[in-house]
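Undergrad: Let me give you the structure first, and then I'll get to my questions.
What follows draws every value from the coordinates through simple rules; no lab data is involved. Everything numeric here is computed off the predicted structure, so don't read it as measured data. Quick reminder, even Gly has a Cβ in these numbers, built from the backbone with ideal geometry, and neighbours come from all protein chains shown.
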Amino acid sequence: MPNNSESISDSTPKVTNFFSLPGAGRAERVLGVSQIYKAQAHQTAGGLVCLEVTVTAREGIPLHRHTEEDESFYVLSGQIMIEGDDCGDVPVRLDAGSFFHGPRGRIHGFHNEGTETAKLLIFISPGSGIEAMFAGLAELTRQSTEIDPAKVAAVCGNYGIEFMQPT
C-alpha cells in the first residue's frame with residue numbers, strides 16, 4: 001500500500017491543529033465593530049479567517065460585495081439585520097443560532113437594530129488578504145472618530161471589496 005505522505009509536495013503549506021480559547025486572539029476595532037481573531041490566515045494556510053465580532057446597538061457594516069472571498073455569519077447572541085441580494089425587500093432578522101452565507105459576488109450588509117450587543121462568528125474563505133484590509137480599516141478607526149467613507153472605500157477596494165451606494 002503506498003504511503004500517502006509521499007504524494008504531498010514539499011511546497012504544500014504545513015497546517016497543524018490549533019485552538020483558540022475564550023477571550024484569546026488578536027483584537028481590533030474596525031469601523032463600528034470590535035473583532036477578535038479566532039483563526040488567522042497563517043494558521044490555516046490562507047484557507048480561512050474566523051472572527052468573533054461584537055456589534056453594539058445601532059452599529060454594523062453597510063452593503064458591500066466581496067470579489068475574492070465568501071463570508072458566513074453565525075449569530076452567537078443578540079440579533080442582527082442582514083440585507084442585500086437574495087434577502088427580499090426588507091432586511092432579515094437573524095437571532096442567536098441563525099446562520100448566513102454570502103458567496104463572493106453577492107451584495108450583503110448587516111446592522112444591529114436592537115438595544116443589546118450582538119456577537120457573531122464570521123468565517124471568511126479564503127483568508128489571504130482580508131487581514132491586511134482589516135488592519136488598514138483599524139488604522140482609519142484609530143485616526144479619527146469621524147471616518148471618511150471615501151477612505152474606507154479606497155482601503156477596501158484594494159482588496160476587492162466594493163461598497164454599494166445607498167438608493
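Undergrad: May I ask you to say which residue of ALA96, ALA57 is touching a Ser or Thr at 6+ places or on another chain (Cβ under 7 Å) and farther than 26 Å from GLN40 by Cβ?
TA: Result of the check over ALA96, ALA57: ALA57.
Undergrad: Tally time: how many residues in the range 123-138 are under 14 Å from VAL30 (Cα atoms), in contact with a strand residue (DSSP E or B) (Cβ under 9 Å, 6 or more places away or on another chain) and of a type outside the set (Asp, Glu)?
TA: Matching residues across the range 123-138 total 6.
Undergrad: Tell me yes or no: at least one residue of the range 9-16 is in contact (Cβ under 8 Å) with a residue 40 or more places away in the chain, in a loop (DSSP other than H, G, I, E, B), surrounded by fewer than 18 Cβ atoms within 10 Å (Cβ to Cβ) and of a type in the set (Val, Ile, Thr).
TA: no
Undergrad: List every residue pair whose Cβ atoms sit under 7 Å apart, with the two residues 6 or more apart in sequence or on different chains, where the first one lies in the range 137-149 and is without any contact (Cβ under 8 Å) to a residue 24 or more places away in the chain and the second, anywhere, is assigned to a loop (DSSP other than H, G, I, E, B) and crowded, with 16+ Cβ neighbours inside 10 Å.
TA: none
Undergrad: Of all residues in the range 44-62 being aliphatic (A, V, I, L, M) and touching a residue at least 40 places away in the same chain (Cβ under 8 Å), which is farthest from ASP148 (Cα to Cα)?
TA: Restricting to residues being aliphatic (A, V, I, L, M) and touching a residue at least 40 places away in the same chain (Cβ under 8 Å), the top hit is LEU48.
Undergrad: Further, regarding this structure: Given the options ASP85, ASP89, name the one that is touching a residue at least 12 places away in the same chain (Cβ under 8 Å), surrounded by fewer than 18 Cβ atoms within 10 Å (Cβ to Cβ) and of a type in the set (Asp, Glu).
TA: Every option except ASP85 fails the conditions.
Undergrad: Within the range 79-87, does at least one residue satisfy the condition of being over 25 Å from GLN165 (Cα atoms), assigned to a strand (DSSP E or B) and not acidic (Asp, Glu)?
TA: Within the range 79-87 (the criterion being over 25 Å from GLN165 (Cα atoms), assigned to a strand (DSSP E or B) and not acidic (Asp, Glu)), the answer is no, since none of the residues qualifies.
Undergrad: Provide a single number: the residues in the range 140-156 that are exposed (fewer than 13 other Cβ atoms within 10 Å of the Cβ) and either not in a helix (DSSP H, G or I) or not polar (S, T, N, Q) (or both).
TA: Result for the range 140-156: 8.
Undergrad: Applying the selection to the range 120-129, what residues are within 19 Å of VAL55 (Cα to Cα) and surrounded by 18 or more Cβ atoms within 10 Å (Cβ to Cβ)?
TA: LEU120, ILE122, PHE123, ILE124, listed by residue number.
Undergrad: Need a quick list: strands (runs of 3 or more DSSP E) entirely within the range 24-66 having at least 3 residues that are more than 23 Å from ASN158 (Cα to Cα) and within 14 Å of the chain's Cα centre (by Cα).
TA: Output list reads 49-55.
Undergrad: Looking at THR141, THR115, which is the one that is of a type in the set (Ser, Thr, Tyr) and more than 23 Å from ALA24 (Cα to Cα)?
TA: THR115
Undergrad: OK, next. Which count do you get for residues in the range 92-123 that are assigned to a strand (DSSP E or B), hydrophobic (A, V, I, L, M, F, W, C), touching a residue at least 40 places away in the same chain (Cβ under 8 Å) and in contact with a Leu (Cβ under 7 Å, 6 or more places away or on another chain)?
TA: The number of residues fulfilling the criteria is 4.
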